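Below is one structure, written out as structure tokens; the observations come after it.
The values are calculated or read from the model by the stated rules, or taken from the named source; none is laboratory data. Bear in mind the structure is a predicted one, so any value in this text is a computation, not a measurement. Virtual Cβ from ideal backbone geometry, glycine too; neighbours counted across all protein chains shown.
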């Protein structure tokens, strides 16, 4: 029909179509155009379905987000659609109309029964004219709550009550906080409404009463992700026909109200992501029609025995899905779980359930998804636990730690030749013993899409046949933290893989040249790979975002082709035997965030374009042979947090951009280079700095007094915990040893300025950095005294002030530093007595004070006698004179007191006679009292 065809062409003309989705809209046969359907009898257009079906699965850096945007329709909606008089179905969902209003003329499409505008980025007020669509059965205006700009004015709300045929309504993301009471009253008047979806609508309460009107036909109610609280109004529990109820993500707390028992027709109940507590109520077990129960992410305690006991009252429980993950359940899993014969999904993840797993689990013949991970189970898993699980596709056990330590005491104890009855798609096992080999049960799983066998104690070669079979469909492969050894197959294809992690094993041989077009993370660190890095990694891994080859035996140079990896975020080549210069084409990496090439033999100058993209977050190039100055181009990296250029041959001064444009730096490590000049004042602007290591350079001048501005060393702030993108290794010098730290760097608080040419006094402002762990100012030319306020550094573990020109007394406050375990004050000009105190008594090493000839006291052999001649200590404040005058006054007081009494008795006869008479009287009275007491005691005996 020409009129309708022309209407479609006019509609197309006003649309933007970057991907050409409407390219088929040419010619006369419009009923064959993409997204168009016509009535087979009349030939009229009755359906327009232009939903954007493209979805992205990886990350924004591989271009998929751009592809999704490109596939979206946009532009304007032409009123020519009014020519489609018999249009019943219109779907424009998941496109991007950039906030334009919903056209009011939609209200004139009187034949519409289905209207879906969800996630299409419409904005403004929902037009009241939609209330004219009396034949409408389905209306979806949902938007993501964070991006929705749709509004529901009161006039539109009242018009919605005219949609007498409406069966499905979805207003997800629309702000209903000011209309929630009116809305429910209006919607309760829709006689045909079966499904009502109001998630993320900022609803805080439900109306107390609906009068004489009820949702008599309502089957599905979704008010999840609002701010609802108990108590519910009474009408809510009168929804006798309700089949599915979604209340997740609200603010419900305390135990579940008993009124829920009236909703016995429920087939699906979701109370997840609330704050419900107490025991899991038995009443849920009385819902004999219940197929889905989701109580995840609450505070339920105890076990599930009560729930299973309630379900036993139902002759044939229809429960298919049970999610109790992330609660506080503590008891064992009861053997009665085996009676849930229809159960397909069981999730007990992240509880505290212990004991052995019952063998009755093996009776759940319909089970597809089993997640028992992050519970302290113990005992063995045998063939009996899986005997009838013929449909099992997903299994998760144990836990996954960033740096695995001790495994949980749960062990797979199946025979090597056992072949299970299931064919898994997902296996997720961490820190749980599957050892020691790839048994037949693993090798039989050839349809795996997700494989995580992390820290499972496997010590074996990878079975090449199994590896080849799963490579064609696997999307996620993690075999890290085992003792798998041997060489990897050199030529393999992983067409669907996103992550390949074989790190922390014992693989050797060359880096495998696999073809993996979709891999974004490739991890082979901490193995024994040798040889050069392949030159064509960029061609084999075109979408790679993270490359981890650290802790191997790789040699040769870093191939320049790495700079062709446009999506690269993380480059980790630490601790190999690489040599040569760093690739110069730095500007070709627009997204690079982490570069770690530490502990190699790299040399030459850093690229002048380094940091040109401004995305750099962490730069670790320590322990190489780099030279030259720090590139000025790094000043564009305003997000730079970690700079480690230590143990190289860098020269020049600390650039002024550290502390000005790059003011977020938290770790600055430049030790063991040839830097000169003063320590710049700009460093005091680094409020997040908590590791400052400038040791073993040629810095001169004084220590900046503004160091008290380093708030990261004064005030504990949890917001300072850096995001290291699963990458947090750091080298630090503490207690005289270089340590590799794998803990959160925010907890390490160090300043090391040793082995320079710094002069002047130790600024007392440094004593305000109360979170300091380690302070090393040794081997400089510092003079003056140790600040008295040094005792304020209560967290101090290491203090080294040796080999300076410090003088005066050792402050008494040092003895109160209870964490101080390493102290070195040797080779200064300190004098006087070493302070007494428990902490210094615990450091009985004379060597920490040697080279100070005027010091005395424990633990030195020099006693602090009266004849010990010591110069006046400017920090003394007269303490020595006070002790002398105290002793003199005590002696004078004794002499005056003694001779004042005894001398008078000797010289004055009458006083002497009176004193002895008084003494005789006291003696007689005492003797009489004693005699009376003795006589009384004898009578009683």
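Per-structure values
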item	result
Condition met for residue 305 (at pLDDT below 95 and touching a strand residue (DSSP E or B) at 6+ places or on another chain (Cβ under 6 Å))	no
Test: residue in segment 556-570 that is out of contact with any helix residue (DSSP H, G or I) (no Cβ under 7 Å at 6 or more places or on another chain), buried (at least 18 other Cβ atoms within 10 Å of the Cβ) and either within 25 Å of residue 656 (Cβ to Cβ) or without any contact (Cβ under 8 Å) to a residue 12 or more places away in the chain (or both)	no
Filter pass, residue 775 being touching a helix residue (DSSP H, G or I) at 6+ places or on another chain (Cβ under 6 Å) and at pLDDT 55 or above	no
Of all residues in segment 319-340 being in contact with a strand residue (DSSP E or B) (Cβ under 9 Å, 6 or more places away or on another chain) and outside any loop (DSSP other than H, G, I, E, B), the one that is nearest to residue 355 (Cα to Cα)	337
All strands (runs of 3 or more DSSP E) inside segment 524-640 with 3 or more residues being within 25 Å of the chain's Cα centre (by Cα)	546-548, 570-572, 594-596, 618-620
Only one of 191, 153, 199 that is surrounded by fewer than 17 Cβ atoms within 10 Å (Cβ to Cβ) and closer than 30 Å to residue 290 by Cβ	191
Positions within segment 782-793 being farther than 11 Å from residue 828 by Cβ and part of a loop (DSSP other than H, G, I, E, B), in sequence order	787, 793
Residue list for segment 454-476, restricted to those being under 20 Å from residue 499 (Cβ atoms) and in contact with a helix residue (DSSP H, G or I) (Cβ under 8 Å, 6 or more places away or on another chain)	466
Selection within segment 497-521 - within 16 Å of residue 554 (Cα to Cα) and outside any loop (DSSP other than H, G, I, E, B)	506, 507, 508, 509
Matching residues, segment 357-387, being part of a loop (DSSP other than H, G, I, E, B) and loosely packed, with under 15 Cβ neighbours inside 10 Å	376, 378
Options 575, 648, 601; residue that is under 26 Å from residue 530 (Cα atoms), surrounded by fewer than 17 Cβ atoms within 10 Å (Cβ to Cβ) and at pLDDT 90 or above	601
Of all residues making up segment 120-135, the number that are within 18 Å of residue 51 (Cβ to Cβ), crowded, with 22+ Cβ neighbours inside 10 Å and in contact with a strand residue (DSSP E or B) (Cβ under 9 Å, 6 or more places away or on another chain)	1
Boolean, residue 795 is touching a residue at least 24 places away in the same chain (Cβ under 8 Å), more than 30 Å from residue 757 (Cβ to Cβ), out of contact with any strand residue (DSSP E or B) (no Cβ under 8 Å at 6 or more places or on another chain) and surrounded by 14 or more Cβ atoms within 10 Å (Cβ to Cβ)	no
Residue match in segment 174-187 (condition: closer than 24 Å to residue 142 by Cα, outside any loop (DSSP other than H, G, I, E, B), modelled with pLDDT of 90 or more and touching a helix residue (DSSP H, G or I) at 6+ places or on another chain (Cβ under 7 Å))	no
Subset of segment 811-833 that is touching a strand residue (DSSP E or B) at 6+ places or on another chain (Cβ under 6 Å) and either crowded, with 18+ Cβ neighbours inside 10 Å or at pLDDT below 90 (or both) - its residue that is farthest from residue 779 (Cα to Cα)	833
Residue 169 assigned to a strand (DSSP E or B), within 44 Å of the chain's Cα centre (by Cα) and without any contact (Cβ under 8 Å) to a residue 60 or more places away in the chain	yes
Criterion: surrounded by 15 or more Cβ atoms within 10 Å (Cβ to Cβ), in a loop (DSSP other than H, G, I, E, B), at pLDDT below 90 and in contact with a strand residue (DSSP E or B) (Cβ under 7 Å, 6 or more places away or on another chain) - qualifying residue of 230, 215	230
Residue within segment 498-510 that is in contact (Cβ under 8 Å) with a residue 12 or more places away in the chain and in contact with a helix residue (DSSP H, G or I) (Cβ under 9 Å, 6 or more places away or on another chain) present	no
Segment 641-661 - residue that is touching a residue at least 60 places away in the same chain (Cβ under 8 Å) and assigned to a strand (DSSP E or B) and, of those, farthest from residue 690 (Cα to Cα)	644
Selection count, segment 20-52, where residues are in a strand (DSSP E or B) and within 23 Å of residue 120 (Cα to Cα)	7
Yes/no for residue 393 being modelled with pLDDT of 95 or more, on the phi < 0 side of the Ramachandran plot and in contact with a helix residue (DSSP H, G or I) (Cβ under 9 Å, 6 or more places away or on another chain)	no
Residue 844, sole failed condition from (1) surrounded by fewer than 16 Cβ atoms within 10 Å (Cβ to Cβ); (2) in a strand (DSSP E or B)	(2)
Residues being closer than 19 Å to residue 189 by Cβ and in contact with a strand residue (DSSP E or B) (Cβ under 9 Å, 6 or more places away or on another chain) - total across segment 156-173	9
